[in-house]
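K.L.:
My questions all concern the structure below.
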Amino acid sequence: FVELDREFQRCLQRLGGHAFLKTNWSAPLDVPWMTMGSLKVTSLRDIYLQLKSSDRVMFDFEHMYDYCEDGGSSEPSCPIVVLRKWVNLLPSMELRLFIRNGQLVGICQRDCSSYYPFMGSQFPSMVELAQSFFTASLPGTALPDNCKMDIYIDRNDQIWVVDVNCLGLPSSSLLFNWEELFAATSCLTKYVQSEGEKLQNALGTKRGPIDVHMAPDFSNFMDICKQQQEDSSSDEDSET
């Protein structure tokens, strides 16, 4: 692994010492329990820790092509690990675009587990920016005819492409369902309009060891943790 270590180090240096790690499919969003809540990598230890700890990464390496209609006959000979420049983004300013047969058929708020009160007045202008970006900037590029694209709108209304991935499972359709997107003849738009419309965070049950979450006595395990917390608090109160 000496040469791999060196390449990772070179990439980190080129990116200013801070990076975001992903595979050519997805990111290890299920590892914050191992990384103190952050996905930022600054060292070889961070990189290998995220790769080893993420069920999402393991799925990409072992099962991603199970979704291919041809059974993955054209899959690459080895997985790809990507390091990207670290940037702090506001989740409220991310949109997901759904593209089918080269046409924009859906635009959705990316962070569907949150309700942003200002979105009602701001979402129409965000949609307009996204549609203008799609029409003016994407034709003639290497963008697949069928894909989903995550974009970010900064404070200057400039659009940045965050990610491009497959249209369909295992990607999330967010507030849509795949059937309506595949049947759409015009661009559909959706955003979270109230607290009651929020979606449960899809990673909520994956932010910890999978063997713990799948254990039959997981509830007992949580009861023990809560009891230990209460006992610890009681001890601190008695000392003061």
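The values are calculated or read from the model by the stated rules, or taken from the named source; none is laboratory data. Computed from a prediction, not measured in an experiment: that's the story for all the values here. Cβ atoms come from the backbone with ideal geometry, glycine included; neighbour counts cover every protein chain shown. Protein only, heavy atoms only, side chains kept; ligands, DNA and RNA dropped before computing areas. Shrake-Rupley method; radii C 1.70, N 1.55, O 1.52, S 1.80 Å.
K.L.:
Tell me, please, whether a residue that is surrounded by 12 or more Cβ atoms within 10 Å (Cβ to Cβ), more than 25 Å from residue 149 (Cα to Cα), touching a residue at least 60 places away in the same chain (Cβ under 8 Å) and of a type in the set (Phe, Trp, Tyr) can be found in the stretch 11-33.
P.N.:
Yes, the stretch 11-33 contains at least one residue that is surrounded by 12 or more Cβ atoms within 10 Å (Cβ to Cβ), more than 25 Å from residue 149 (Cα to Cα), touching a residue at least 60 places away in the same chain (Cβ under 8 Å) and of a type in the set (Phe, Trp, Tyr).
K.L.:
While we're on this one: For residue 166, only one of the following conditions fails: (1) surrounded by fewer than 16 Cβ atoms within 10 Å (Cβ to Cβ); (2) without any contact (Cβ under 8 Å) to a residue 40 or more places away in the chain; (3) not aromatic (Phe, Trp, Tyr). What is its number?
P.N.:
(2)
K.L.:
Sort out for me the helices (runs of 4 or more DSSP H) sitting completely within the stretch 1-63 that have 1 or more residues that are within 18 Å of the chain's Cα centre (by Cα).
P.N.:
Here the list reads 44-53, 55-62.
K.L.:
For the stretch 150-179, name all the residues that are in contact with a strand residue (DSSP E or B) (Cβ under 7 Å, 6 or more places away or on another chain) and not in a loop (DSSP other than H, G, I, E, B).
P.N.:
150, 151, 152, 153, 159, 160, 161, 162, 163, 164, 165
K.L.:
In the stretch 36-45, which residue that is without any contact (Cβ under 8 Å) to a residue 12 or more places away in the chain and open to solvent by less than 70 Å² (accessible area, probe 1.4 Å) is farthest from residue 21 (Cα to Cα)?
P.N.:
37
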